[in-house]
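Here is the structure we will look at.
The values are calculated or read from the model by the stated rules, or taken from the named source; none is laboratory data. Remember, predicted model here, so these are calculated numbers, not experimental data. As a convention, Cβ positions derive from the backbone with ideal geometry for all residues, glycine included, and neighbour counts pool all protein chains shown.
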Amino acid sequence: MGNLASISASLRKVGASPRIVSSIPDGDFDGLILPGVGSYSGAFRKMDEERGSIEKLVGEGYPILGVCLGLQLMFNWSEEGNPGEEGLGLFKGVVRKLPAKRLPHIGWNNIEIVDGSVILDGLENNCRMYFVHSYAPTDYDPSEAFALANYCNYRFPVVFEKKNVFGTQFHPEKSWRQGLIILENFVKYCRR
Amino acid sequence: MGLAKRIIPCLDVYDGVVVKGIRFSNLKKIGDPAELAVEYMNQLADEIVFLDISATPKGRETMVEVVKKTAENLFIPLTVGGGVRTIEDFGKLLRAGADKVSINTAAVRDRSLVRRASRIFGSQCVVVAVDAKRIGGRWEVYVNAGTEPTGLDVIEWIRTCEQEGAGEILLTSIDADGTRSGYDIELLQAARMAVDIPIIASGGAGSLQHVYEALTTGGADAALLASLLHYRQYSVIEIKKWLAEKGVEVRF
């Protein structure tokens with residue numbers, strides 16, 4: 001799922017050695033990225049096959065970063081999916097369609113940063129990130145949300161963190177220098 | 001603050017080299033696509049479009065290599081178009097590192113292509129390019145590099161594309177293209193009324209005022225720029241600074 005070439009190139013740019021895997025290997029890696037564009041159900045099926053491995057990695061403290069749909073899979077459920085397609089539940093909340101007339105939300109939106117984030121370290125408040133999505137988390141836990149965006153007068157959370165689990169609704173691999181800072185922070189955290 | 005209006009440089013690529021010319025004639029080589037794309041990224045371009053104007057099987061193969069090389073250093077979205085006909089063409093370009101693929105003639109010839117591509121790869125990577133020619137008070141869709149009328153009404157066609165799953169519309173006025181006398185603002189407005197997906201305005205920009213009109217009066221989400229940039233008349237940053245002074249929300 002997702003544009004693996006882009007995310008791999010950006011990880012190389014910040015000094016990491018990414019490997020693209022179709023199932024989670026045993027050991028020998030410092031962190032995991034769940035990328036994702038496309039439809040929820042397609043990505044869900046892939047994630048569901050790996051659910052046990054992902055839960056185990058989270059429990060063991062491996063750093064995990066979800067990008068776009070990869071983040072949406074980390075909530076309890078998404079209304080884009082079918083009933084019963086339960087998410088990973090790593091963050092609290094339900095993913096719902098944005099209440100905006102004009103969807104998808106495509107382009108560079110500013111993000112309002114909340115203090116204390118690991119992966120947003122070094123970024124200026126209201127810097128712009130590249131978004132492509134129509135769904136966003138609702139009923140979330142504000143203590144897990146570290147940035148918000150505003151589109152069509154609706155504010156929604158776009159960066160999540162909880163211990164070793166991270167996620168961005170936008171695409172850091174497509175958000176030029178600001179995005180590379182996020183990936184660099186994640187790689188640093190992986191090597192801590 | 002919110003969503004910024006986008007400035008998108010368009011690079012015409014012929015057999016792996018960026019060229020400029022007037023309506024496909026007098027082509028002059030101006031550089032390497034990967035290098036120019038990075039240069040525009042550093043000038044704060046919001047995205048890059050590569051258009052393969054060789055449109056031959058060899059040109060398409062070369063394009064895949066160009067995209068691979070470009071994607072390694074380009075950290076903003078890359079759209080690739082020109083000669084894309086099949087789902088396999090989509091897959092090749094996306095795997096090479098393109099973020100979006102634009103289709104024009106193929107979308108008209110194969111009416112299921114937009115739907116199939118958006119189901120397989122996601123709407124976000126399906127850009128439908130529409131070449132519009134003004135006929136009285138309406139616009140007709142032309143294909144084959146703007147040479148062949150289709151009988152399709154532009155506004156009905158873009159509505160269909162949106163319903164079929166297109167993520168964005170790249171709308172070019174054939175009448176205005178190359179004239180540098182301004183976008184067809186009425187076309188942009190009519191398109192804006194018809195669909196909710198983003199519209200990228202193309203064709204006719206000869207001044208900063210033209211870009212401003214497309215993004216404000218015309219209601220476009222983005223402006224595709226070619227000659228205004230390639231002749232080094234303005235840099236992307238200069239264009240954005242000018243737009244920002246006029247109150248347009250842009251990214252710095």
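Matching residues to (1) farther than 17 Å from residue B:169 by Cα; (2) in contact with a Gly (Cβ under 9 Å, 6 or more places away or on another chain); (3) not polar (S, T, N, Q):
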residue: B:89; (1), (2), (3): yes, yes, yes
residue: B:101; (1), (2), (3): no, yes, yes
residue: B:117; (1), (2), (3): no, yes, yes
residue: B:139; (1), (2), (3): no, no, yes
residue: B:152; (1), (2), (3): no, no, yes
residue: B:155; (1), (2), (3): no, no, yes
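Based on this model, can you work out whether residue B:28 counts as touching a residue at least 60 places away in the same chain (Cβ under 8 Å), basic (Lys, Arg), touching a strand residue (DSSP E or B) at 6+ places or on another chain (Cβ under 8 Å) and within 27 Å of residue B:208 (Cα to Cα)?
Values: touching a residue at least 60 places away in the same chain (Cβ under 8 Å): no; basic (Lys, Arg): yes; touching a strand residue (DSSP E or B) at 6+ places or on another chain (Cβ under 8 Å): yes; within 27 Å of residue B:208 (Cα to Cα): yes.
Judged against the criteria, residue B:28 is not a match.
Residues A:155, A:102, A:177: which one is of a type outside the set (A, V, I, L, M) and assigned to a helix (DSSP H, G or I)? Outline the logic, then answer.
Numbers: A:155 fails: assigned to a helix (DSSP H, G or I); A:102 fails: assigned to a helix (DSSP H, G or I).
The unique qualifying residue is A:177.
Restricting the search to the range B:35-50, which residues are within 14 Å of chain A (Cβ to nearest Cβ) and closer than 10 Å to residue B:11 by Cβ?
Step one: filter the range B:35-50 for residues within 14 Å of chain A (Cβ to nearest Cβ), giving B:37-48.
The answer is B:37, B:40, B:48.
Can you tell me which residues in the range A:140-156 are away from chain B (no Cβ under 12 Å), without any contact (Cβ under 8 Å) to a residue 40 or more places away in the chain and surrounded by fewer than 19 Cβ atoms within 10 Å (Cβ to Cβ)?
Of everything in the range A:140-156, those that are away from chain B (no Cβ under 12 Å), without any contact (Cβ under 8 Å) to a residue 40 or more places away in the chain and surrounded by fewer than 19 Cβ atoms within 10 Å (Cβ to Cβ) turn out to be A:142, A:143.
Return a yes/no flag: does the range A:158-175 have any residue that is free of Cβ contacts under 8 Å to residues at least 60 places away in the same chain, surrounded by fewer than 19 Cβ atoms within 10 Å (Cβ to Cβ) and in contact with a Phe, Trp or Tyr (Cβ under 8 Å, 6 or more places away or on another chain).
No - not one qualifying residue is present in the range A:158-175.
Do you know which residues across the range B:162-191 are assigned to a helix (DSSP H, G or I), within 14 Å of chain A (Cβ to nearest Cβ) and buried (at least 20 other Cβ atoms within 10 Å of the Cβ)?
Going residue by residue through the range B:162-191, those that are assigned to a helix (DSSP H, G or I) are B:162-164, B:185-191.
Adding the requirement that they be within 14 Å of chain A (Cβ to nearest Cβ) leaves B:162-163, B:191.
Within the range B:162-191, just B:191 meets the criteria.
Which of the numbered conditions does residue B:131 fail, given that it passes all the others? Conditions: (1) within 14 Å of chain A (Cβ to nearest Cβ); (2) crowded, with 20+ Cβ neighbours inside 10 Å; (3) more than 20 Å from residue A:133 (Cβ to Cβ).
(1)
So residue A:108 fits all but one of (1) away from every other protein chain (no Cβ under 13 Å); (2) of a type outside the set (Ser, Thr, Tyr); (3) crowded, with 22+ Cβ neighbours inside 10 Å; what number is the exception?
(1)
For residue A:36, state whether it is over 16 Å from residue A:184 (Cα atoms), modelled with pLDDT under 90, buried (at least 21 other Cβ atoms within 10 Å of the Cβ) and not charged (D, E, K, R).
Numbers: over 16 Å from residue A:184 (Cα atoms): yes; modelled with pLDDT under 90: yes; buried (at least 21 other Cβ atoms within 10 Å of the Cβ): yes; not charged (D, E, K, R): yes.
Answer is yes for this residue.
Out of curiosity, is residue B:165 in contact with a Lys or Arg (Cβ under 6 Å, 6 or more places away or on another chain) and within 30 Å of residue A:42 (Cβ to Cβ)? Quick ask: steps written out before the conclusion?
Values: in contact with a Lys or Arg (Cβ under 6 Å, 6 or more places away or on another chain): yes; within 30 Å of residue A:42 (Cβ to Cβ): yes.
Against the criterion (in contact with a Lys or Arg (Cβ under 6 Å, 6 or more places away or on another chain) and within 30 Å of residue A:42 (Cβ to Cβ)), residue B:165 qualifies.
Out of everything in the range B:16-30 that is modelled with pLDDT under 90 and not aliphatic (A, V, I, L, M), what residue ends up being surrounded by the most Cβ atoms within 10 Å (Cβ to Cβ)?
If we take residues in the range B:16-30 being modelled with pLDDT under 90 and not aliphatic (A, V, I, L, M), then B:20 is surrounded by the most Cβ atoms within 10 Å (Cβ to Cβ).
Of the residues that sit in the range A:65-89 and are touching a helix residue (DSSP H, G or I) at 6+ places or on another chain (Cβ under 6 Å) and among the hydrophobic types (A, V, I, L, M, F, W, C), which one is nearest to the other protein chains (Cβ to nearest Cβ)?
Within the range A:65-89, the match that is nearest to the other protein chains (Cβ to nearest Cβ) is A:69.
From the list B:34, B:106, which residue is in a helix (DSSP H, G or I), more than 15 Å from the chain's Cα centre (by Cα), closer than 27 Å to residue B:165 by Cα and modelled with pLDDT of 95 or more?
After ruling out the rest, the residue left standing is B:106.
Pick out the one residue from B:60, B:6 that is buried (at least 23 other Cβ atoms within 10 Å of the Cβ) and either closer than 22 Å to residue A:129 by Cα or more than 11 Å from chain A (Cβ to nearest Cβ) (or both). Working first, answer last.
Numbers: B:60 fails: buried (at least 23 other Cβ atoms within 10 Å of the Cβ).
After applying the criteria, what remains is B:6.
Under the condition of being assigned to a loop (DSSP other than H, G, I, E, B) and within 14 Å of chain A (Cβ to nearest Cβ), which residue from the range B:73-91 is nearest to residue B:49 (Cα to Cα)? Please lay out each step first, then the result.
Start the filter on the range B:73-91 by keeping residues that are assigned to a loop (DSSP other than H, G, I, E, B), which leaves B:73-77, B:82-86.
Filter once more, so that each one left must be within 14 Å of chain A (Cβ to nearest Cβ): B:73-77.
Values: B:73: 15, B:74: 12, B:75: 13, B:76: 11, B:77: 9 Å.
It comes out as B:77.
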